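*Asks:* Got a structure for you, questions after.
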Amino acid sequence: MDYEAIKALARDDLQAVNREIEARLQSDVALINQMVSYIVHSGGKRLRPVLVLLGSRAFGYEGSAHIRLAAIIEFIHTATLLHDDVVDASEMRRGHTTANTIWGNEASVLVGDFLYSRAFEMMVEVGSMRVMEILARTTNTIAKGEVMQLLNCHDPETTEEHYIEVIRSKTANLFQAAAQLSAVIANQGPEIEQAMAAYGMHLGTAFQLIDDVLDYGRENHDLGKNIGDDLAEGKPTLPLIHTLRQGNNHQRELIRSAIEEGGLAQIEEVMDAIESTGSITYTARRAEEEASRAIAALTAIPDSPYKQALLDLAHFSAHRNY
């Protein structure tokens, strides 16, 4: 099952989420309306909200809180994108000009703050301290991950273990929250809640590792990013870390210099080194391992078309080309 088929299973719920998002985006400040509408409608996969929807339906949930939670997750994700693009000085995302390029860094940071605070307003309305606890911890961990990534920039000594810790905090943590909350609102016990949390964490890690692979794909431009964007910012992602570990002396010096200086002056030579050391294959294999762990976490979940869609999502995250 491809991702569009997976989304189709949650079509009615997704339409309700989109209506919730539209209603909650409204502000009497015109700039907020313009910016959040621009980024929310700029072609995202809605993968994290889909996790909430499929997970809750897999447990037979029939209420409406999953719609609000899915919108909350999307708002938090969108806020992180606005802040990320400012920190990274990014000009393109998903094939579109970034909000900070159009409206400036100050507006992007402030509108990101607006989305965070709107998300927390909506959390209160759900009326669950457990939901508040999970989402408060999640947003704090994401912020910590952002700081950790900032400290890693231009640092060729970053280890694979530390890098995985960063992406679990910065990216996979919101996947974890989305999956875990689906069990919480369906009143599942601690064992099932933790199984869903593990599923989301491993799924999100696989997703980010494939992003790392796609960043160096010569033939793939579907992300709306340029080849080597992470390298241009001096980010030591897993393909680079593996090349540093496996390459010859010349390759190691090349990668060290590229990470320390940033930029793409030697991108072709860097990509040759990444390919010749098997670093793309290694990173893809690590993503497959994470996807397998996500699948294993669902063992205790009852069979249904929704569980199958969650399994398919794990496969998609580790084998996607966009």
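*Asks:* Regarding the stretch 28-47, can at least one residue be identified that is of a type in the set (Phe, Trp, Tyr) and either more than 27 Å from residue 100 (Cα to Cα) or in contact with a Pro (Cβ under 6 Å, 6 or more places away or on another chain) (or both)?
*Replies:* If we filter the stretch 28-47 for residues that are of a type in the set (Phe, Trp, Tyr), which is where we start, we get 38.
This time we only want the ones that are either more than 27 Å from residue 100 (Cα to Cα) or in contact with a Pro (Cβ under 6 Å, 6 or more places away or on another chain) (or both), so: none.
So far as the stretch 28-47 goes, no, none of its residues is of a type in the set (Phe, Trp, Tyr) and either more than 27 Å from residue 100 (Cα to Cα) or in contact with a Pro (Cβ under 6 Å, 6 or more places away or on another chain) (or both).
*Asks:* Now for a separate question. Residues being of a type in the set (Ser, Thr, Tyr) and without any contact (Cβ under 8 Å) to a residue 24 or more places away in the chain: count how many of those fall in the stretch 126-150. I'd like the intermediate steps shown before the answer.
*Replies:* From the stretch 126-150, those of a type in the set (Ser, Thr, Tyr) are 128, 138-139, 141; that's our starting set.
The next check asks that each one be without any contact (Cβ under 8 Å) to a residue 24 or more places away in the chain; those that pass are none.
Final tally of qualifying residues: 0.
*Asks:* Quick one: in the stretch 293-309, which of the residues that are exposed (fewer than 15 other Cβ atoms within 10 Å of the Cβ) and within 24 Å of residue 320 (Cα to Cα) is farthest from the chain's Cα centre (by Cα)?
*Replies:* Applying the first criterion (exposed (fewer than 15 other Cβ atoms within 10 Å of the Cβ)) to the stretch 293-309 yields 296, 299-300, 302-305.
In the following step, the residues that additionally are within 24 Å of residue 320 (Cα to Cα) were identified as 296, 299, 304-305.
Values: 296: 21, 299: 24, 304: 26, 305: 24 Å.
Here the answer is 304.
*Asks:* I'm trying to understand the selection: among the residues of the stretch 89-116, which are under 22 Å from residue 232 (Cβ atoms) and either crowded, with 20+ Cβ neighbours inside 10 Å or touching a strand residue (DSSP E or B) at 6+ places or on another chain (Cβ under 7 Å) (or both)?
*Replies:* Hits for the stretch 89-116 are 91, 93, 98, 99, 100, 108.
*Asks:* Continuing with the same structure: Specify the residue that is nearest to the chain's Cα centre (by Cα); the eligible residues are those in the stretch 61-102 that are assigned to a loop (DSSP other than H, G, I, E, B) and within 23 Å of residue 19 (Cβ to Cβ).
*Replies:* So in the stretch 61-102, the residues assigned to a loop (DSSP other than H, G, I, E, B) come out as 61-64, 89-91, 94-95, 98.
With within 23 Å of residue 19 (Cβ to Cβ) added as a condition, the list becomes 61-64, 94.
Numbers: 61: 25, 62: 27, 63: 27, 64: 25, 94: 13 Å.
Result: 94.
*Asks:* Of the residues 77, 66, only one is in contact with an Asp or Glu (Cβ under 8 Å, 6 or more places away or on another chain) and buried (at least 22 other Cβ atoms within 10 Å of the Cβ); which? I'd like the intermediate steps shown before the answer.
*Replies:* Details: 77 fails: in contact with an Asp or Glu (Cβ under 8 Å, 6 or more places away or on another chain).
Within the list 77, 66, the selection yields 66.
*Asks:* Hey, residue 255 hits all of (1) in a helix (DSSP H, G or I); (2) among the β-branched types (Val, Ile, Thr); (3) surrounded by fewer than 15 Cβ atoms within 10 Å (Cβ to Cβ) but one; which does it fall short on?
*Replies:* Failing condition for residue 255: (3).
*Asks:* Let me ask something else. Can you tell me which residues in the stretch 265-319 are over 22 Å from residue 164 (Cβ atoms), hydroxyl-bearing (Ser, Thr, Tyr) and outside any helix (DSSP H, G or I)?
*Replies:* Listed by number, the residues that qualify are 299, 304.
*Asks:* Right, here's the next one. Give me the residue from the stretch 86-100 that is more than 11 Å from residue 38 (Cβ to Cβ) and among the β-branched types (Val, Ile, Thr) and, out of that set, modelled with the lowest pLDDT.
*Replies:* 87
*Asks:* Take residues that are surrounded by fewer than 23 Cβ atoms within 10 Å (Cβ to Cβ), without any contact (Cβ under 8 Å) to a residue 40 or more places away in the chain and aromatic (Phe, Trp, Tyr) and tell me which of the helices (runs of 4 or more DSSP H) falling wholly in the stretch 152-252 contain 1 or more. Spell out the reasoning first.
*Replies:* Values: elements: 160-167, 173-185, 190-214, 229-232, 238-246.
Filter on the stretch 152-252 gives an empty set.
*Asks:* If we keep just the residues of the stretch 44-55 that are in contact with a Lys or Arg (Cβ under 8 Å, 6 or more places away or on another chain) and at pLDDT 90 or above, which is surrounded by the most Cβ atoms within 10 Å (Cβ to Cβ)?
*Replies:* Looking only at the stretch 44-55, we keep the residues that are in contact with a Lys or Arg (Cβ under 8 Å, 6 or more places away or on another chain), and these are 44, 46, 50.
Subset that is at pLDDT 90 or above: 46, 50.
Values: 46: 21, 50: 25.
Looking at residues that are in contact with a Lys or Arg (Cβ under 8 Å, 6 or more places away or on another chain) and at pLDDT 90 or above, I get 50.
*Asks:* Tell me, yes or no, whether the stretch 264-284 has at least one residue that is under 30 Å from residue 56 (Cα atoms) and at pLDDT 95 or above.
*Replies:* Going through the stretch 264-284, the residues under 30 Å from residue 56 (Cα atoms) turn out to be 284.
Among the residues that remain, those that are also at pLDDT 95 or above are: 284.
Yes, the stretch 264-284 contains a residue that is under 30 Å from residue 56 (Cα atoms) and at pLDDT 95 or above.
*Asks:* Also, quick follow-up: Pull up the stretch 259-277, narrow it to residues that are under 25 Å from the mean Cα position of the chain (by Cα) and of a type in the set (Gly, Ala, Ser), then point me to the one that is surrounded by the most Cβ atoms within 10 Å (Cβ to Cβ).
*Replies:* For the stretch 259-277, the residue satisfying everything is 262.
The values are calculated or read from the model by the stated rules, or taken from the named source; none is laboratory data. Source: prediction; values computed, not measured. When we count neighbours, we look across all protein chains shown, and the Cβ atoms used for this are built from the backbone with ideal geometry, even at glycine.
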